[in-house]
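J.: Dropping the structure in here first, questions after.
The values are calculated or read from the model by the stated rules, or taken from the named source; none is laboratory data. Values in this document were obtained by computation on a predicted structure and should not be read as measured data. Positions of Cβ are generated from backbone atoms using ideal geometry, with glycine treated the same way; all protein chains shown enter the neighbour counts. Areas reflect the complete protein model, heavy atoms only, side chains present, ligands, DNA and RNA absent. Shrake-Rupley method; radii C 1.70, N 1.55, O 1.52, S 1.80 Å.
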Number of protein chains: 2
Amino acid sequence: VKNTLLLPELRELVSLGRFEDLREFCTAEHPGVIAEFLSALDPEEVWVVLRTTPSAVRAEIFSHLDEEVQVEATEFIGRREMTDLVSHMSPDDRVDFLKRLPEEKAAAVLPALAQVEREDIRRLSSYPEGTAGAVMTSDYATLGPDLNVDQAIEKLRREAPDRETIYVAYVVDEKRQLLGLVSLRDLMVSRGSAMVRNIMKEEVVSVLASESREEGALKIQKYDLIALPVIDGDQALVGILTHDDAMDVMSDKFSEDMGRFMAIAGTSHERDYLRTSPWEHFRNRSGWIVALALLGLVSGYIIQAFEGVLLQFALLATFIPMLAGAGGNTGGQSATLVVRALATGELLPRNVLGVLWREFRVSLLLGGLLALLAFGRVLLFSRHGHLPPGFSPYVVGAAVAAALGFQVVTSTLLGALLPLAAARARFDPALVASPALASIVDITGLTIYFITVKIVLRL
Amino acid sequence: VKNTLLLPELRELVSLGRFEDLREFCTAEHPGVIAEFLSALDPEEVWVVLRTTPSAVRAEIFSHLDEEVQVEATEFIGRREMTDLVSHMSPDDRVDFLKRLPEEKAAAVLPALAQVEREDIRRLSSYPEGTAGAVMTSDYATLGPDLNVDQAIEKLRREAPDRETIYVAYVVDEKRQLLGLVSLRDLMVSRGSAMVRNIMKEEVVSVLASESREEGALKIQKYDLIALPVIDGDQALVGILTHDDAMDVMSDKFSEDMGRFMAIAGTSHERDYLRTSPWEHFRNRSGWIVALALLGLVSGYIIQAFEGVLLQFALLATFIPMLAGAGGNTGGQSATLVVRALATGELLPRNVLGVLWREFRVSLLLGGLLALLAFGRVLLFSRHGHLPPGFSPYVVGAAVAAALGFQVVTSTLLGALLPLAAARARFDPALVASPALASIVDITGLTIYFITVKIVLRL
């Protein structure tokens, strides 16, 4: 995100070389806010400004810059400065940054880092994108079970500058097996001589590094945690997810889900609307649009197959938009509710039958209401004598109403069923995009419609 | 949320009167987890179980029960028990609970509460639903500016049991004006004799109690906060929003937005899919469905108005689904992107022109691609001799392609424009539901289509 509010002032300070003022500016606000202001500058200017700040502040502001600005700015960062920058970043930011760099640049930085930092990078990079392991940080605080409270508080106080949080500390044995946790609050209200082992909470909610980051974020939300320990297959502690990571993960997830559900490709990294070029927008959107257009052709073929019916009774064409709309809308509603309830964990894929039964009852109500509406519309029409001779308005109305009601029931059930089926097959339910559903129920709906009217009206 | 996993075991313990075991069960896990298990019981049984637990635990588990279970359980709670329960709840939970109770029940509880608690309720209830003031808690920690670090830590340690968090403390003067904040971490790494005034951070991000709770949650996310101070119009501190509140607010917001955008009414309180009866689902969905069906009738009238064209050239009907689909899908995509970018604060309502220009270029690409596809389809058809005599396949193809391209451009621009217009008029952009947009572009699309083919084909 860019904020151009102070752009002229910053430009002036840079061109006048007023480094002292720039340094002061950079420390006057939250690094995230400073980063927004700096992102509006050219990458070269960004680095001129950041050079004025102490290493720790610089690394923090840099970590908050937009990804593109980070990468572009590296052109102007000397090798030594780069090492300094990278080694002051927090482990998770560092890994993200190095992943974004062209390979030769990243390779140039690695040897200069301390052994422990390289180890961190290796470990954090080894988890696939999208897992809890890939977003966790390794800057967590641990305590031994045999410390007493005073010693524990002293250890946390000493380590505070290097830890993402000291408000929860994990109690581990010599193999880093997770034995329990204590919060700083618990430590502060306990007697100084009490043993960590005796005040720690032994039931600890955790997530496997290989599980999805959404899984971790949902646990943080459910249990109101400040941080969630991440463990590997051997139950050893390898990192933590923090509440602020969880919030970002959740909003990325919702954004991605919504895009996917509305037939837009692209990951959360590309979701920055203004940053994405029209050509990239086109690429993210055109796949689905073409696929849906091809599905639309199928509906066309169905209409063509029943051309004879339409030529005989052209009025029937006027009900097609209402029919297609009702199917898409009711199916879209049930799909939305199911996708949403699956995302919050309220529904499980195995709830299929319960959901279908509930949706069936809802669809009967909706279908009945719309059928009434359609029936009324046909009667209204026939008053003006639009019907071909020989057809009773009641029979025509009944045919259209029956088709519409049947269409609503089918569409509602399909809308609920498809996301559940996707979830059962371990796909993201939101992959069943609502427009695709609308195109599918267009096809089923037109078939239902023409067959129903042919039978009822004996065409 | 209910968890029926332990239902038989719990039932048995209740019927055997094994209160000691029940008490142990209730304290063995996080209150949120216990609440899920208990929610599966009948309300009367729930209270039998909760009676076995200490007041503080009981109040916490109770606060995590589903809303309906809470209300139903009150039938079995004696007056004294009720007072004890309510006075052990945290202020925000207490207010939420009392709001849910029938008025006479709530009135019976109030007099028994301490003055300070009644004061809290009055203040917290005085902010309208949906504001930061209505979700904040008043259990925050404050410090005077003239304490030293040792005194400050001692004060926080003493108050810890009654505070929602002690990891940030707000520095206020005697009028509760917010002077700054210190984190417990800052306190722990400072010299014991340093003054709070000298180590506090003076630039404090805050939110007005009258601002929306989403505003507050976005700030917590943006600045990675553990808590956000809530101030009133006189800059006095009145409460805090915590990171876990923010997470709930954000996921409610996304849920609501998605529902609204997909034409489903109902607030986040009703978003519990399985808890909502079919009849309620029907009420939440039918309004939009009927409105959209009526809009669908307009499309029907347009088809009817051009009945002559269709009778002359029935093939044209087969392109209608593709045309309507393409409009709805491209419009839906641009609307989704705009709604999403407005929700994350990336776009502002005043960015209208920039967005339209960007969408215009994207729509030219998409429209061009689909026009090509339509042109190809007409040529393919004409090979099989489906065209009426006297019409060149190239001219027919050009007419259909031109109409489709024009439709895509209009729909994409409308999709971007309508949510921006809603936001400008200070409505929720997601109110411009995607199905409504689809119905609107059906109408514009059919009009464009018939006029274009009439002109190009001289029908």
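J.: Roughly how big is the B-A contact, given as buried accessible area in Å² (both sides, 1.4 Å probe, nearest 100)? Intermediate results must be reported in sequence, preceding the final value.
T.: On the way: alone 24260 and 24280 Å², together 38380 Å².
Chains B and A together bury roughly 10200 Å² of accessible area.
J.: Taking only DSSP H segments of four or more residues, each worth -39500 (n - 2.57), what value at 222 nm results for chain B once the sum is divided by all its residues, to the nearest 500 deg cm²/dmol? Numbers along the way, then the final one.
T.: Values: 22 runs with 291 residues, N = 459.
Mean residue ellipticity, 222 nm, calculated: -20000 deg cm²/dmol.
J.: 7 Å along Cα→Cβ for the label point: how many nanometres lie between A:Gly354 and each equivalent label in the other copies, listed shortest first?
T.: 4.7
J.: Each residue of region A:12-22 in turn: what ³J(HN,Hα) in whole Hz from Karplus with 6.51, -1.76, 1.60 and θ = phi - 60°, glycine and Pro shown as x?
T.: Result, rounded to whole Hz: 5, 4, 5, 5, 7, x, 8, 5, 4, 5, 5.
J.: For a quick check: with amide H placed at 1.01 Å from N, whose amide H comes under 5 Å from B:Ser212's, ignoring anything fewer than 5 positions away on the same chain?
T.: It is B:Ala132, by chain and number.
J.: Let me ask you something else. Calculate the spin-label point distance for B:Gln304 paired with B:Arg118, positioning each point 7 Å from the Cα along the beta-carbon direction, and give it in nanometres.
T.: Between B:Arg118 and B:Gln304, the simple spin-label model gives 6.6 nm.
J.: Counting Lys and Arg as +1 and Asp and Glu as -1, each charge on the Cβ, what is the dipole of region A:41-199 about the Cα centre in debye, to the nearest 20? Before the final figure, lay out each step's value.
T.: On the way: 20 positive and 30 negative charges, 176 e Å.
Dipole size: approximately 840 debye.
J.: Please calculate the 1.4 Å probe accessible area of A:His281, with all protein chains present, and give it to the nearest 10 Å².
T.: Here the accessible area works out near 10 Å².
J.: What whole-number value in Å² describes the accessible area per residue of chain A for a 1.4 Å probe? Present the calculation step by step, with values, prior to reporting the outcome.
T.: On the way: 19200 Å² over 459 residues.
For chain A, the solvent-accessible area averages 42 Å² per residue.
J.: Along Cα→Cβ at 7 Å, what distances in nm separate the B:Leu372 label point from those on the other copies, shortest first?
T.: 5.0
J.: Put +1 on the Cβ of each Lys and Arg and -1 on the Cβ of each Asp and Glu in the protein assembly as shown; which of A:Pro435, B:Val352, A:Leu373 then has its Cα farthest toward the positive end of the dipole?
T.: With unit charges placed on the Cβ atoms, the residue in question is A:Leu373.
J.: Between region B:386-422 and region B:251-322, what is the C-alpha centre distance in whole Å?
T.: Measuring centre to centre over Cα atoms gives 22 Å.
J.: Name the long-range amide H neighbours of A:Thr142: under 5 Å, sequence gap of 5 or more, or other chain; modelled H, no Pro or chain starts.
T.: Sorted by chain and number, the residues that satisfy this are A:Tyr170.
J.: What is the magnitude of the charge dipole of region A:361-459 about its Cα centre, with +1 placed on the Cβ of each Lys and Arg, -1 on the Cβ of each Asp and Glu, and no other charges, expressed in debye to the nearest 20? Walk me through the intermediate numbers first.
T.: On the way: 7 positive and 2 negative charges, 39 e Å.
Once rounded to the nearest 20, the dipole reads 180 debye.
J.: Mind jotting down the distance between the C-alpha centroids of region A:72-118 and region A:159-182, whole Å?
T.: 27 Å
J.: Just name one of A:Ser210, A:Thr137, A:Ser183: the one whose Cα is farthest towards the positive end of the charge dipole of region A:131-279 (beta-carbon charges, Lys/Arg +1, Asp/Glu -1).
T.: Of A:Ser210, A:Thr137, A:Ser183, it is A:Ser183.
J.: If you place +1 on the Cβ of every Lys and Arg and -1 on the Cβ of every Asp and Glu, how big does the dipole about the Cα centre of chain A come out, in debye to the nearest 20?
T.: Values: 44 positive and 59 negative charges, 534 e Å.
Result for chain A is approximately 2560 debye, rounded to the nearest 20.
J.: I'd like the accessible area for B:Trp47, computed on protein heavy atoms only with a 1.4 Å probe and all protein chains in place. Round to 10 Å², please.
T.: The accessible area comes out at roughly 0 Å².
J.: Quick one: which of A:Lys219/B:Lys219; A:Lys222/B:Lys99; B:Lys175/B:Lys201; A:Lys155/B:Lys201; A:Lys99/B:Lys219; A:Lys219/A:Lys253 span more than 26 angstrom between C-alpha atoms?
T.: Details: A:Lys219/B:Lys219 22 Å; A:Lys222/B:Lys99 23 Å; B:Lys175/B:Lys201 19 Å; A:Lys155/B:Lys201 24 Å; A:Lys99/B:Lys219 28 Å; A:Lys219/A:Lys253 14 Å.
Violating the 26 Å Cα-Cα cut-off are A:Lys99/B:Lys219.
J.: Okay, moving on. Only Cα pairs under 8 Å and at least 6 apart count here; give the relative contact order of chain B as a rounded whole percent. If you can, show how the numbers build up before the last one.
T.: Numbers: 627 pairs, mean separation 47.7, N = 459.
This gives 10 percent for chain B.
J.: OK, next. Given the whole protein assembly as supplied and a 1.4 Å probe, what does the accessible area of A:Met262 come to in Å², nearest 10?
T.: 10 Å²
J.: Where both residues lie in chain B, what percent of DSSP beta bridges are antiparallel, nearest 5? Present the calculation step by step, with values, prior to reporting the outcome.
T.: Working: 15 of 19 bridges.
Just about 80 percent of them are antiparallel.
J.: Could you tell me the distance between the Cα centroids of region B:139-156 and region A:1-69, to the nearest Å?
T.: Centre-to-centre (Cα) distance: 34 Å.
J.: I would also like to ask the following. If each of B:Arg426 and B:Asp84 carries a label point 7 Å out from its Cα toward its Cβ, how far apart are those two points in nm?
T.: Each label point is offset 7 Å from its Cα along the Cβ direction, giving 4.9 nm.
J.: Which of rounded, prolate or oblate describes region B:1-85 when judged by the alpha-carbon gyration tensor and an a/c cut-off of 1.5?
T.: Working: a/c = 1.33, a/b = 1.21, b/c = 1.10.
Here region B:1-85 falls in the rounded category.
J.: Specify the longest stretch of chain A that does not include any exposed loop site, a site being one of the GluC sites (Glu not before Pro) with a non-H, G, I, E, B DSSP assignment and at most 13 other Cβ atoms within 10 Å.
T.: Maximal segment without exposed cleavage sites: A:204-459.
J.: Once Lys and Arg get +1 and Asp and Glu get -1 on their Cβ, which of B:Ser411, B:Ala423, B:Gln304 lies farthest toward the positive end of the dipole of the protein assembly as shown?
T.: Sorting the options by dipole projection puts first B:Gln304.
J.: Given the Cα-Cα distance of B:Glu129 and B:Trp357 and 0.36 nm per residue of separation, how much length would full extension add, in nm? Write down the numbers at each step before the final one.
T.: Values: separation 228, 0.36 × 228 = 82.08 nm, distance 3.79 nm.
Result: 78.3 nm gained on full extension.
J.: Let's test the formula: R0 of 51 Å, r as the Cβ-Cβ distance of B:Val456 and A:Ala236. What FRET efficiency results, to the nearest 0.05?
T.: Details: r = 71 Å, r/R0 = 1.40.
Efficiency at R0 = 51 Å is approximately 0.10.
J.: I've got another one for you. Which of the aspartates and glutamates could a cross-linker bridge to B:Lys454, judged by Cα under 19 Å and excluding same-chain residues fewer than eight apart?
T.: Correct list for B:Lys454: B:Glu307, B:Asp442.
J.: From the label point of B:Phe391, set 7 Å from Cα along Cα→Cβ, how far away are the matching label points in the other copies, in nm, ordered shortest to longest?
T.: Relative to the other copies, B:Phe391 has label-point distances of 2.3 nm.
J.: Starting at the first residue of region A:337-345, write each ³J(HN,Hα) from the Karplus equation 6.51 cos²θ - 1.76 cosθ + 1.60 with θ = phi - 60°, in whole Hz, x for Gly and Pro.
T.: Whole-Hz 3J(HN,Hα) from phi for region A:337-345: 4, 5, 4, 5, 5, 5, 5, 7, x.
J.: Could you state the angle between the C-alpha long axis of helix A:55-64 and the longest principal axis of the C-alpha atoms of chain A, as a value from 0 to 90 degrees rounded to the nearest 10?
T.: Taking Cα atoms only, the helix is inclined about 0 degrees.
J.: In the protein assembly as shown, what percent of the accessible surface is made up of carbon and sulfur (1.4 Å probe, ligands and nucleic acids excluded)? Each step should come with its number before you reach the end.
T.: Values: 21620 of 38380 Å².
Ligands and nucleic acids excluded, carbon and sulfur reach 56 percent.
J.: Considering only DSSP beta bridges where both residues belong to the protein assembly as shown, give the percentage that are antiparallel (nearest 5). Kindly include the intermediate steps, with their values, before the conclusion.
T.: Values: 30 of 38 bridges.
Here the share of antiparallel DSSP bridges comes out near 80 percent.
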